[in-house]
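Just below is one structure, and these are the notes that go with it.
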Amino acid sequence: MSVVRSQVAGVGAYLPSRVVPNAELAQKLDTSDEWIRERTGIRERRIAADGELTSDLAIAASQEALRAAGLLPSAIDLIVLATATPDETFPATATTVQARLGITRGAAFDIQAVCSGFVYALATADNFIKAGQAKNVLVIGAETFSRILDWNDRTTAVLFGDGAGALVLTAGKGEGTTKDRGVFSTHLFSDGRHHDLLYVDGGPSKTMTTGHLRMEGREVFRHAVANMADAIDLALKTNGLSASDIDWFVPHQANQRILDATARKVGVHPSRVISTVAQHANTSAASVPLALVAAVADGRIKREQLVLLEAMGGGFTWGSALIRW
Ligand code: UT7
């Protein structure tokens with residue numbers, strides 16, 4: 001049986017040049033490098049320069065992904081950009097990316113699922129491709145979370161960073177088995193009852209301000225491990241695979257202890273979990289593609305390997321995606 005598969009044609013990443021180590025934050029906040037490393041695994045994060053916008057980060061990552069895919073921007077017929085920190089309330093940052101890449105056809109829109117945003121964007125792109133409504137899709141996760149942090153709140157300010165990752169998905173053909181290359185399944189979930197555990201205390205309709213991130217970290221931690229493990233189990237079950245069949249797990253990078261606890265729960269050795277949390281901190285929707293790009297660049301993720309992405313974020317939202325690279 002011949003089926004349409006959304007196949008990865010290229011990936012790209014961009015990180016702002018300014019590196020902020022834990023020690024720099026400890027000069028302004030009642031915290032320490034030791035506390036941050038022990039409780040989260042984070043050593044440093046990148047912070048965007050004044051005037052450097054989410055769209056700037058997204059464009060740089062997209063240009064690298066297009067180069068890697070060997071495609072001109074004009075080949076792109078859909079841009080799906082996941083972000084919780086758009087340049088402006090409207091229009092969608094995706095349309096700025098579209099214009100600045102010189103693309104004048106197709107559609108471009110943003111997706112808001114906070115830290116699960118990239119998995120949501122990938123699922124959306126995959127469904128457009130499978131429905132025959134797009135052929136070459138730019139899937140982007142880009143954030144300037146530094147702009148919505150309360151820099152006086154040590155419980156959140158130390159956890160996040162800025163960055164962007166992008167992936168070009170292209171329509172290809174497969175046999176309908178897990179030997180094909182491409183996306184096999186995506187599973188998305190949300191449960192809005194948990195709004196108060198992770199949210200931004202502002203917005204155009206509620207306060208007419210942008211607001212700052214607020215989080216009950218301990219509660220989010222507990223849900224993150226349970227939800228990501230469930231999303232992994234479902235991806236495996238749906239595809240008739242077990243954890244040992246997966247070459248690489250690429251989780252949302254919030255906290256090394258969440259990565260470790262989730263891996264333990266699903267029975268995965270930590271050596272098969274990609275972790276960039278030490279260098280990037282939590283970059284929300286950018287974290288999964290940034291981790292993917294790092295592992296592709298250093299040769300760990302190779303063509304034909306099975307890669308399982310999973311994420312969890314504000315909303316709550318969570319999900320997984322299984323891809324043969
Ligand atoms: O992207 C998805 C969303 N985010 C996440 O998934 C994050 C999930 N949560 C976490 O990663 C962790 O819960 C945190 C890293 C946020 C916190 O770690 P924890 O081990 O759960 O610590 P805690 O919140 O239980 O706090 C322990 C202590 C508290 O002091 P007391 O009450 O025991 O005296 C905090 O006030 O650590 C204190 N604390 C800090 N101390 C130094 C909290 N933040 C800091 C800090 N520096 N930056």
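The values are calculated or read from the model by the stated rules, or taken from the named source; none is laboratory data. None of these values were measured; they are calculated from a predicted model. Ideal geometry is used to build each Cβ from the backbone, glycine not excepted, and the neighbour counts take in all protein chains shown. Note: areas computed on protein heavy atoms with side chains; ligands, DNA, RNA excluded. Shrake-Rupley method; radii C 1.70, N 1.55, O 1.52, S 1.80 Å.
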Amide H contacts of A82 (H built 1.01 Å from N, under 5 Å, at least 5 apart or other chain): I111, I140, G141, A142
Contact order normalised by length for the stretch 182-324, with contacts defined as Cα pairs under 8 Å and 6 or more residues apart; what percent is it? 36 percent
Quick one: grab Rg to one decimal and Dmax as a whole number for the chain, Cα atoms only, in Å. 18.4, 61
Gap in Å between the Cα centre of the stretch 126-156 and the Cα centre of the stretch 4-55? 15 Å
I'd like the FRET efficiency for L29 and K173, computed as 1/(1 + (r/R0)^6) with the beta carbon distance as r and R0 of 56 Å, rounded to 0.05. 0.55
For the chain, the per residue accessible area (1.4 Å probe, Å²) is 42 Å²
F189 versus S2: modelled label distance in nm, points set 7 Å from Cα along the beta carbon direction: 3.8 nm
Looking at the stretch 130-213, which trypsin sites (Lys or Arg not before Pro) are DSSP coil and have at most 12 other C-beta atoms within 10 Å of their C-beta? K179, K206
Distance between modelled label sites at S271 and A107, nm, 7 Å Cα→Cβ extension: 4.6 nm
Taking protein heavy atoms only, a 1.4 Å probe, and rounding to whole percent, the accessible area of the stretch 3-174 owed to carbon and sulfur comes out at 50 percent
The stretch 182-324 - percent of accessible surface contributed by carbon and sulfur, probe 1.4 Å: 52 percent
Label S74 and R222 with points 7 Å out from Cα along Cα→Cβ: what is the distance between them in nm? 5.7 nm
Just want to confirm a number: the relative contact order over the chain, from Cα pairs under 8 angstrom separated by 6+ residues, in percent. 25 percent
Using 0.36 nm per residue of separation minus the Cα-Cα distance, give me the extension gain between R303 and E88 in nm, one decimal. 73.7 nm
Cα extents of the stretch 133-224 per principal axis, largest first, Å, are 53, 28, 27
How much FRET efficiency would the formula 1/(1 + (r/R0)^6) give for D180 and D233, where r is the Cβ-Cβ distance and R0 is 22 Å, rounded to 0.05? 0.50
